[in-house]
Amino acid sequence: MTAYYYYYSTGEIWPSVSLTMITDAIEQLEQGVRELRKLVSDKKDQEAAMIQVLMGIEQEHKVTEDARRAAEQDAAAQRHAAQMEERAVMAESMLEATLQYHKAQPFIFTPSIKRTSAGYTVTWPFRLRDKYCFTSEHQNY
C-alpha cells in the first residue's frame with residue numbers, strides 16, 4: 001500500500017516514493033539526456049557535412065561562371081577576328097581589282113604597288129605626279 005504525504009507549504013498531496021524508484025527515474029532521465037546529446041551531436045555532424053557540400057557547390061558554381069565568362073569573351077574575340085579577316089580579304093580583293101583595272105589601262109597611270117610585311121606600298125611615277133599635281137597657282141581652291 002502506498003502512503004501519501006500532505007505538504008502544508010504548497011497544499012499538495014504526494015505519494016511516498018522509495019529510493020529504488022527515485023534511482024530508476026534518475027537512470028531513465030540520464031539515459032534520455034545521453035540520447036538527446038547523441039542526437040544533437042549527430043545533427044551537428046550532419047550540419048557540418050551539409051555546409052561542406054554547399055561550399056563545394058558554391059565553388060563549382062563560381063568556376064562554372066568564370067568558365068562561361070571566359071568562353072563568352074573568347075567567342076567575342078573570335079567574332080572580331082573573323083570580321084577583321086573578312087575586311088582584310090575584301091581589301092585585298094579590292095586592291096587586286098584595282099591592279100587589274102590599271103593593268104588594262106596603262107596609258108592613264110600605272111602606280112607601283114608592292115606588298116610588304118607592314119602592308120602595301122604605292123609609288124606613283126614622277127611623270128604622272130608632275131602632270132596631275134597642282135601647282136602653287138591652283139592650290140587656292
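Working out 0.36 nm times the residue gap between residue 42 and residue 28, then minus their Cα-Cα distance, what length gain in nm do you get to one decimal? Please report the intermediate quantities before stating the final value.
Values: separation 14, 0.36 × 14 = 5.04 nm, distance 2.10 nm.
Contour length minus the Cα-Cα distance gives 2.9 nm.
Within straight-line reach of residue 62, meaning a Cα separation under 17 Å, sit the following aspartates and glutamates at least 8 residues removed in sequence or on another chain: 72.
Taking θ as phi - 60° and the Karplus parameters 6.51, -1.76 and 1.60, the scalar couplings of the stretch 24-38 work out to 4, 5, 5, 4, 5, 5, 4, 4, x, 5, 4, 5, 5, 5, 5 Hz in sequence order, x denoting glycine and proline.
FYI, it's all coordinate maths here, none of it is from the lab. Worth saying up front: this structure is predicted, and the values here are computed from it rather than measured.
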